[in-house]
Amino acid sequence: MKKFPKEPVPVTLITGYLGAGKTTLLNHVLNNQQGYHIAVIVNDIGEVNIDAGLIANGANIKDKAGLVPLSNGCICCTLKTDLVRQLAELISTGRYDYIVIEASGICEPIPIAQTIAMLDGSMQNSRIPKLCRLDGIVSVVDTMRLASEFHCGEQLMKTDRTEDDIETLLVQQIEFCTTVVMNKADMVSAEQMKQVRAVVKKLQPEARILETSYGKLDIGEVLNTHAFHFDRVYQSAGWIQAMNGEDEHEPEVLEYGIGTFVYERRRSVNRKKLELLIRKWPGSIIRTKGIMWLSDSNVKSYVFEQVGKQVSISYNGDWIAAGEPAEVQKALKADPDVRASWDSRCGDRLNKLVFIGREMDQAQIIRELDECLDPE
């Protein structure tokens, strides 16, 4: 029989648009837990949950049972039931006194809060015990992107937005939160920061606003804040509609015209050819993230990340296959996931990229990436 704690386990929800820095913030929190025993739920709309793997490595997570990936959909819509089940499962173990949820970049926060409310005892006539409470919603904002691509946030204020506009989603993520983390603050001027901050403050006057770089902050600012209260958000007509089931949406991937696919190849990539391709990267690609095998090194693995016009390729540790035979065998024995995906020729070396975009020409993107591969 499962046993649940007497007090509801606090939950912090991290939202924010694609590439804002949610994973970076989460890794910082996990590396500075300050006595908490934190479990993590990571949501990704793609079939491959890249962020979950990066969190496991970046935060040196040894308790893999406390890192739960929810993929192929969003917890604000298609994966609501999975979210409830995973929350209940984590809490029933009695091993965790805090849960952090990283939502997909295109998640709407209101339906997620509604789902968590099913477990906090606030829903009338609910037979579900009080398992957890939503402590706060942290919206991570890419300050540089708002400054450069959204004219310091002014586009978020336009009155002719439709439900399909990216600006609409950004506004929802900013408006429905308790804390706004203005990330990448070091990459904008003081004047740009002033303008972006003014827009954020206008959209969400009640939230605490934190300016950060690389998601570094005092975790007390985002954990156990007791900042989320239903009475405050009930003033929002949109929230009332969602709670009453009057504001039904189609699955968010369709709603925002956003699609996703995975590119996977077991051949190394020529860096120079890749750099030339990046220069003509189509604007339809909003976000790319994944692991890369570059031909100039069979030892090092890299993380490839693209958001809008920003592209980075950073070292992500050595390939297991590059180690000594004894080390390779030890790793294969210790990790069934590595063993299951091991290739007899390449080992763990591969390219696995998740693409998220609007109206992407998937066939052309794959074709051009294949042209960057080295001969077999």
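Annotations for the structure displayed:
- Size of electric dipole in the range 190-233: Cβ of Lys, Arg +1 and of Asp, Glu -1, about Cα centre, debye, nearest 20: 160 debye
- Relative packing of 133-142, 297-306, 349-358, which averages over residues the other C-beta atoms within 10 Å, highest first: 133-142, 349-358, 297-306
- Above-threshold pairs, the threshold being 26 Å between Cα atoms, out of Lys216/Lys280; Lys80/Lys194; Lys273/Lys352; Lys289/Lys330; Lys22/Lys201; Lys80/Lys289: Lys216/Lys280; Lys80/Lys194; Lys289/Lys330
- Between the range 172-213 and the range 344-359, the alpha-carbon center distance in angstrom: 34 Å
Every number here is computed from the coordinates shown, using simple stated rules; none is lab data. Remember, predicted model here, so these are calculated numbers, not experimental data. Every residue, glycine among them, receives a Cβ derived from its backbone with ideal geometry; neighbour counts consider all protein chains shown.
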